[in-house]
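Novice: My questions all concern the structure below.
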Amino acid sequence: MLKEFKEFAMRGNVLDMAVGIIIGASFGKIVTSLVNDVVMPPIGLLLGNMDFSSLFLNLSGTHYASLAEAQTAGAAVVKYGVFVNSVLDFLIVAVVIFLLIRTINQFKRKQEAAPPPPPPAEVQLLTEIRDALKAQGR
């Protein structure tokens, strides 16, 4: 059983998938940082120094000055600012994946559309000899 598992785990597709998952997780962290640390601060500044990650809707009825205060008190809150950040994360990842797939597809189309390379000189010479012999009736 251990031998079979090793064979399964060491197949190319499984290793490729593992590498893809690891790179994808790292890419997700980069995108999250991009949204939280680069994209959202200027948008928040344009909207009057708003910090999206601290936006919340308090469901408990008690007033809390901040999200941290409400969470410390154990109040039920809807963190819609965090949701906005997550939606932006998703949109950025979706656009990047779309552009990547689009580029790969364009590259594949160019490869498919490329004419086949001419045959080697020996093959061309043999083809000419064959055609000449056919023309002489042999």
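The values are calculated or read from the model by the stated rules, or taken from the named source; none is laboratory data. Nothing here was measured: the structure is a model prediction, and the numbers come from that model. Please note: Cβ atoms are built from the backbone with ideal geometry, for glycine as well, and neighbour counts cover all protein chains shown. Calculation scope for accessible area: heavy atoms of the full protein, side chains included, ligands and nucleic acids excluded. Shrake-Rupley method; radii C 1.70, N 1.55, O 1.52, S 1.80 Å.
Novice: Counting only residues that are more than 30 Å from Leu59 (Cβ to Cβ) and open to solvent by 70 Å² or more (accessible area, probe 1.4 Å), how many does the stretch 81-113 have?
Specialist: Matching residues across the stretch 81-113 total 17.
Novice: So for the stretch 101-121 (the condition being modelled with pLDDT of 85 or more, part of a helix (DSSP H, G or I), more than 30 Å from Thr32 (Cβ to Cβ) and out of contact with any Asp or Glu (no Cβ under 9 Å at 6 or more places or on another chain)), does at least one residue qualify?
Specialist: Yes, the stretch 101-121 contains a residue that is modelled with pLDDT of 85 or more, part of a helix (DSSP H, G or I), more than 30 Å from Thr32 (Cβ to Cβ) and out of contact with any Asp or Glu (no Cβ under 9 Å at 6 or more places or on another chain).
Novice: Part of a helix (DSSP H, G or I), of a type outside the set (D, E, K, R) and touching a residue at least 24 places away in the same chain (Cβ under 8 Å): which single residue out of Val19, Val14, Val35 fits that description? Quick ask: steps written out before the conclusion?
Specialist: Values: Val19 fails: touching a residue at least 24 places away in the same chain (Cβ under 8 Å); Val14 fails: touching a residue at least 24 places away in the same chain (Cβ under 8 Å).
Step by step, each of Val19, Val14, Val35 is checked, and only Val35 is part of a helix (DSSP H, G or I), of a type outside the set (D, E, K, R) and touching a residue at least 24 places away in the same chain (Cβ under 8 Å).
Novice: Sticking with this one: Checking the condition aliphatic (A, V, I, L, M) and over 28 Å from the mean Cα position of the chain (by Cα), which residue from Leu34, Leu91, Leu59, Leu100 passes?
Specialist: On the way: Leu34 fails: over 28 Å from the mean Cα position of the chain (by Cα); Leu91 fails: over 28 Å from the mean Cα position of the chain (by Cα); Leu100 fails: over 28 Å from the mean Cα position of the chain (by Cα).
So the residue among Leu34, Leu91, Leu59, Leu100 that is aliphatic (A, V, I, L, M) and over 28 Å from the mean Cα position of the chain (by Cα) is Leu59.
Novice: Moving to a separate point now. Of all the residues that make up the stretch 29-62, how many are open to solvent by less than 90 Å² (accessible area, probe 1.4 Å) and under 17 Å from Leu91 (Cβ atoms)?
Specialist: Going through the stretch 29-62, the residues open to solvent by less than 90 Å² (accessible area, probe 1.4 Å) turn out to be 31-36, 38-44, 48, 50-56, 58, 60-62.
If we keep only those that are under 17 Å from Leu91 (Cβ atoms) too, we end up with 31-36, 38-40, 42-43, 52-53.
Within the stretch 29-62, residues that are open to solvent by less than 90 Å² (accessible area, probe 1.4 Å) and under 17 Å from Leu91 (Cβ atoms) number 13.
Novice: Moving to a separate point now. Given the conditions (1) touching a strand residue (DSSP E or B) at 6+ places or on another chain (Cβ under 9 Å); (2) farther than 30 Å from Ile97 by Cβ, and given that Lys79 satisfies all but one, which numbered condition is not satisfied?
Specialist: Only one criterion is unmet by Lys79, namely (2).
Novice: Within the set of pairs 6 or more residues apart or between chains, which connect a residue that is open to solvent by 60 Å² or more (accessible area, probe 1.4 Å) inside the stretch 63-80 to a residue that is part of a helix (DSSP H, G or I) with Cβ atoms less than 9 Å apart?
Specialist: Ala68/Ser54; Lys79/Ser53; Lys79/Ser54; Lys79/Leu67; Lys79/Gln71; Tyr80/Phe52
Novice: For the stretch 57-91, which residues satisfy the criterion of being in contact with a Ser or Thr (Cβ under 7 Å, 6 or more places away or on another chain) and more than 22 Å from Met40 (Cα to Cα)? Write out each step before concluding.
Specialist: To start, the set of residues in the stretch 57-91 that are in contact with a Ser or Thr (Cβ under 7 Å, 6 or more places away or on another chain) comprises 66-67, 75-76, 81-82, 85, 89.
The answer is Ala75, Ala76.
Novice: May I ask you to list the residues in the stretch 38-91 that are in a loop (DSSP other than H, G, I, E, B) and among the small types (Gly, Ala, Ser)?
Specialist: Of the stretch 38-91, the ones in a loop (DSSP other than H, G, I, E, B) are 47-51, 55-56, 59-66, 74-76, 79.
Those that are in a loop (DSSP other than H, G, I, E, B) and among the small types (Gly, Ala, Ser): Gly48, Ser60, Gly61, Ala65, Ser66, Gly74, Ala75, Ala76.
Novice: Residue by residue through the stretch 69-113, note down the ones that are among the small types (Gly, Ala, Ser) and closer than 29 Å to Phe27 by Cβ. First the steps, then the outcome.
Specialist: The initial filter retains those residues of the stretch 69-113 that are among the small types (Gly, Ala, Ser), namely 70, 73-76, 81, 86, 94, 113.
Once the filter is applied, which keeps residues that are among the small types (Gly, Ala, Ser) and closer than 29 Å to Phe27 by Cβ, the stretch 69-113 yields Gly81, Ser86, Ala94.
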